[in-house]
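This report refers to the structure that appears directly beneath it.
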Amino acid sequence: MMGADTVQPSPAESLETFVELFLDPRHNAAGKHPDWCAPFRDSALQAKRAPVVLPRLWETVDESAYYVIARRPNEAGVVRDLLVAFAGPSLVKVGYDVPLVLDDGDVIETAIAARFGPSSTFKLRAPREKRKELHAALTRMLGLVEHSPQRAWSAPKPLGRLLTDFEAALLGGASQVAAELLDQIGRQGGLSVANLKHLQIKRLAVMGQARELLALPGLREVLLQDPPQAVKDMVLSAIYAACIEPALAEDAVDQACAALAQPWVPIALLAEENPVRFSDAAAAALLFGLLARGQEAELAGAIAALDQVQRSAVVPRALESYRAAGTHLVPADVDAGAVGPGTAGPAVDAGVAWQPATWQELLAAVAGGEKAAVRLCRDMEVDGAAEAELPLAADTDADATLAELLDNLGDAAYENVWRYALSPFLQGVARSGLSLPLTLAQITASSIGQRRDPANLAVLDLLLELFLRTSPSAEDYDEFLEHLTVRVQEWVASETASQALDFVDRLAAFATPDQPMRAQAALELLTPLYRHAQRLDEACLASARSLTHELELDLDWPAWQQPDSGEEAVAIGPANVLVYGMDAGVLDRVQQWMAQQYPQVKVSLSAEKVGSSRLREVARHADFSVLITQCATHAATNFISQHSQAVVYPKGAGSVSVVRAIVDELQHRARSAQLPAALGGRRRAR
C-alpha cells in the first residue's frame, strides 16, 4: 500500500520515464547516437497531437526500426493512415498498415503495452538505402501533424453503422477489421457491457479461438443474464473444442468429464439447456455435461430426444451405451421438428409462435424491425442452421421477388437487413449453391453509395463469388461488373492491392458470357496498381503478373526487384501449410499458385465442416494453418485452432490474400530464424 505522503507521477513525468527507458543504451543502441534520437525524443515529450516516434537499433545485426505509437487508443487508425501517406509502401514494405504484436519478453515492447496498450504501435523497417528518406519522412510527418490546423482525428460513426460494419467484416472473412471495429465500438460507447461481450464472443467463435473465448473476462456474468441462444451455442461449442474433443481423440472419456470441472469452464451453462435445440458440437458438450454430473437417466433421455429428431450422428461414439436405456425417456418439451439452433421460433404476439415460411417473409420482418425476426436471424447464424430452417427456392420468381423487396426498402429498413439478416442469408446462399443473380446484383447495387472500407470490400468479394457461381446471362454479368467497378479509383491502391487482385482472380476463375466486359473490368481494377507497380510487394506483383497473363491483358508488369540494401534476400525453405476455407475454387487456386511459385512449400487443403482424424493429423503436422473465416463453421475453425501449432488469418477471403498471408508468414519465419532469439524469433498467430 502506498504511504500518505507518496506522490503519484504526473503524465508528463511518466512519459519522460518511458522515453528514457526506450532510449536506454542497455536496451536500445540508438541511445548511443543522441543526434539521431533528439528530434524524435523532443517531439515525443513536447507534442500534443502527433504520434510518438522513436528509433531503435540493434548493433549486432545492423538492424534499425522506428516505433510509431498512437498516443490515445482511438488514434491507431489515424496513425495507420498517416504512415500509408508518408512512408509505406514506397519506403517501407511491411509494418505500416497492421499494428505490431508486442512481445511480452522484450523490455521495450512490454513498456509500450503497459503505457499505450497492445494495439497502439507500428514498427517500420526500411532498406539501408531508404533509411535517410524514412527518417526525413517521419520528421516531416511529425511537424505537419503537430502544426497543422486543429481537426478531429476521426469522423464519428453512428453506433448502428459500426455494428453493421462489424457484421459485414465477420461475414466477409476480415477478422482483423472486425477486431478494429470492436475496439472502436467499445471506446465510443452506447452499447451495454453484456451486448459488447456478445460481439466479442461471436468474433472469437468465428475465428476458432475456443480457449480465448472461454478465458474472456466477464463470461460467467454474461451467461447468468440468459444471453441469446446463438451466444450460448458459441460458448458450448468452444467448451467441446477446448475440453472434450481433445480427450475423445485419445478415447479418454473420464478425462473429458474431468476437463469440464476446470474453473474456467462455465459449468452452469452445461446444466440447464436442451441439447436438441443446439448445433452438433454444442449438443455434444451438453451430453458430456450430463455425464460429468452423473445424470445418466437425463443423458439417456437427451440421446433419445436427439434420435427422435433424426440427429443420432450428434451423439459421440463414447456415449452409445446410453442410447438403449433412453428409448422411453424423451423429454416432454422436445419439438419433433427441431433440427438445430433457431428452431424454437420466438413469439411475435403473446404466446403465438412465429416461423417464416420463406426468406422474403423473414427479410420483410427484419426490415420492419420485428424483434422475433432479428432473434431468429441471430440463432440461424450458428453453424449453418439457416438453410435447414428456410430452404432457398431455386426458381426465378423467388429471385425476382427477393430482388424487388430489397429494391423497395428505405435506408433504415435496408440497414436493418444488412446488419441482422445479410449474414445468415448469404451463408444460406453459399451453402445451398442455388442461383439468385437478381438478388445478389440488387445487394451489390445498394452498396454502391457506401464507402469502400475494408468491411464492405470483404462482403463485396463474397457477393462477387456467389454471383459468378450463378452462370449469369451476358446482360446480368455486364450490369454486375459495372456495379463492382464503380469508384475503383477511390479505393484501389497499393495498400488494398490484395483485395483488388482477389476480385480479378474471381473474374479469372469463372467462365464469362462476355469476354470484353471481363477484360475491361479487370483492367479497371489493375490499372491503378500498374501505375504504382514499384510499391507492390513480391507476392502481389507476382499475382498481378499471373492474372494479366491468364486474362490476356495488355499490361507489362516490371519484375520485382530485391531492395539494394546490402542485405541478403530472405530464402523461404521447405514448409507444411494447412489452408482451410469453404470455397473450393479459392483453395485450389491457392494450391496451384504456391506450387508454381514456391514448390518447396507443401499446401494441404480442407473444407470440412467438422473435425476428423485426418484433419487433426494435417493440422498437427503443419507449421501453421491459414483460416479463411468467410462463411466458415465454428466447429471446424475451433477444431483446427486446437490442433495447430500457429494460426494465420488473411486480410481477405480470395486467393491472392491467402497467398500473400502464407508468403508473409513464411518470410517472417525465415527472418526470425536469421536473427538472434532476442529479436523475436518466436512463433506468433496473426
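The values are calculated or read from the model by the stated rules, or taken from the named source; none is laboratory data. Because the structure is predicted, anything quoted here is derived from the model rather than measured. In this analysis, Cβ positions are derived from the backbone assuming ideal geometry, glycine residues included, and neighbour counts consider all displayed protein chains.
Table for the structure above
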read-out	value
Number of the condition not met by residue 504 [criteria: (1) over 28 Å from the mean Cα position of the chain (by Cα); (2) under 17 Å from residue 461 (Cα atoms)]	(1)
Residues satisfying the stated conditions in segment 577-593, i.e. of a type in the set (A, V, I, L, M) and either surrounded by fewer than 21 Cβ atoms within 10 Å (Cβ to Cβ) or farther than 27 Å from residue 635 by Cβ (or both)	584
Qualifying residue in segment 82-93 (condition: at pLDDT 85 or above, assigned by TED's automatic domain parsing to the domain that holds residue 131 and assigned to a loop (DSSP other than H, G, I, E, B))	yes
Only listed residue being outside any helix (DSSP H, G or I), over 19 Å from residue 40 (Cβ atoms) and at pLDDT below 90, chosen from 126, 179, 155	155
Matching residues, segment 468-490, being crowded, with 19+ Cβ neighbours inside 10 Å, farther than 17 Å from residue 403 by Cα and in contact with an Asp or Glu (Cβ under 7 Å, 6 or more places away or on another chain)	none
Segment 18-42 residues that are farther than 22 Å from residue 133 by Cβ and assigned by TED's automatic domain parsing to the domain that holds residue 71, paired with ones that are assigned to a loop (DSSP other than H, G, I, E, B) and not hydrophobic (A, V, I, L, M, F, W, C) (beta carbon under 7 Å, 6 or more apart)	22/28; 31/24; 31/25; 32/25
Residue check for residue 659: closer than 23 Å to residue 207 by Cβ, of a type outside the set (S, T, N, Q) and either in a strand (DSSP E or B) or not assigned by TED's automatic domain parsing to the domain that holds residue 511 (or both)	yes
Answer from 127, 118 - the residue that is assigned by TED's automatic domain parsing to the domain that holds residue 63, surrounded by fewer than 16 Cβ atoms within 10 Å (Cβ to Cβ) and under 28 Å from residue 454 (Cβ atoms)	118
Residue within segment 586-601 that is more than 30 Å from residue 514 (Cβ to Cβ), of a type in the set (S, T, N, Q) and without any contact (Cβ under 8 Å) to a residue 12 or more places away in the chain present	no
Verdict on residue 60 being part of a helix (DSSP H, G or I), among the polar types (S, T, N, Q) and either without any contact (Cβ under 8 Å) to a residue 40 or more places away in the chain or under 28 Å from residue 177 (Cβ atoms) (or both)	no
When residues of segment 45-56 are limited to those that are within 33 Å of the chain's Cα centre (by Cα) and modelled with pLDDT of 90 or more, the one surrounded by the most Cβ atoms within 10 Å (Cβ to Cβ)	51
The lone exception for residue 434 - which of (1) assigned to a helix (DSSP H, G or I); (2) of a type in the set (A, V, I, L, M); (3) more than 27 Å from residue 489 (Cα to Cα); (4) more than 20 Å from the chain's Cα centre (by Cα) it fails	(1)
Failed condition for residue 307, given (1) acidic (Asp, Glu); (2) farther than 17 Å from residue 635 by Cα; (3) within 33 Å of the chain's Cα centre (by Cα)	(3)
Of all residues making up segment 224-241, the number that are over 13 Å from residue 279 (Cβ atoms) and not charged (D, E, K, R)	4
Residue among 485, 512, 496 that is over 25 Å from residue 628 (Cα atoms) and among the hydroxyl-bearing types (Ser, Thr, Tyr)	512
Residues of segment 613-639 that turn out to be modelled with pLDDT of 85 or more, among the hydroxyl-bearing types (Ser, Thr, Tyr) and not in a helix (DSSP H, G or I), as a count	2
Residue within segment 565-576 that is free of Cβ contacts under 8 Å to residues at least 24 places away in the same chain, surrounded by fewer than 22 Cβ atoms within 10 Å (Cβ to Cβ), under 26 Å from residue 511 (Cβ atoms) and not aliphatic (A, V, I, L, M) present	no
